[in-house]
Amino acid sequence: MRVDGSCHCGFIKFEAEADPAKASICHCTDCQASTGATFRTNVPVPGKDFKLLSGDPTIYVKTAESGNKRAQAFCPKCGSPIYSTQPGDGPKESYMVRIGILNQRDQFVPKVQNWTRSAQTWLAGIGSVPKNEKGAPPPR
């Protein structure tokens, strides 16, 4: 399906072709640390189907537990994570796009969870945590 998205501030804009059936969650500790969240949601996009429309992301190359290097792209203005890909110049085979920046994110329900050995144990009970429809209530 055709998707489009942008970082939080709108500096980085892109469009791509992505398959919602390939959406995933990653619980690895690298994803937890780099997002500041409990997990990251991703969808792979073939390199030929990813088009950057505006902005130039900043790249940070990280080394995974496996020893593999991944280029992490994020907005240099607002810090929003955009994608990861192979490091280096030139055409890319694929991009792992962050689902949260897609305008169509509600259509990308994860189909698999990876690195579950690092998943936070409290996630199993998340359904029982009280919910507020619009933010936290005022402090008392």
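Just so it is clear, none of the values below were taken in a lab; they were calculated from the coordinates. These numbers were taken from a predicted model, which means no experiment stands behind them. Ideal geometry is used to build each Cβ from the backbone, glycine not excepted, and the neighbour counts take in all protein chains shown.
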Springs between alpha-carbon atoms under 10 Å, Gaussian network over the chain: tell me which of Asp19, Asp30, Asp106 tops the mean-square fluctuations.
Asp106
Going by average Cβ density within 10 Å per residue, which order do the peptides 55-63, 34-42, 114-122 take, highest to lowest?
34-42, 55-63, 114-122
Rounding to the nearest 20 debye, state how big the charge dipole of the range 2-72 is about its Cα centre with +1 on each Lys and Arg Cβ and -1 on each Asp and Glu Cβ.
100 debye
Roughly how big is the chain's charge dipole about its Cα centre, with Cβ charges of +1 (Lys, Arg) and -1 (Asp, Glu), in debye to the nearest 20?
320 debye
Calculate the spin-label point distance for Ser54 paired with Trp122, positioning each point 7 Å from the Cα along the beta-carbon direction, and give it in nanometres.
3.8 nm
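Sort 87-98, 1-12 by packing, meaning the average of other beta carbons within 10 Å per residue, with the highest value first.
The most tightly packed comes first, giving 1-12, 87-98.
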As a quick test, which of the pairs Lys51/Lys111; Lys48/Lys69; Lys48/Lys131 have an alpha carbon distance above 32 angstrom in this structure?
Lys48/Lys131
Hey, in the GNM for the chain with a 10 angstrom Cα cutoff, which one of Ile126, Ile25, Ile99 fluctuates hardest?
Ile126
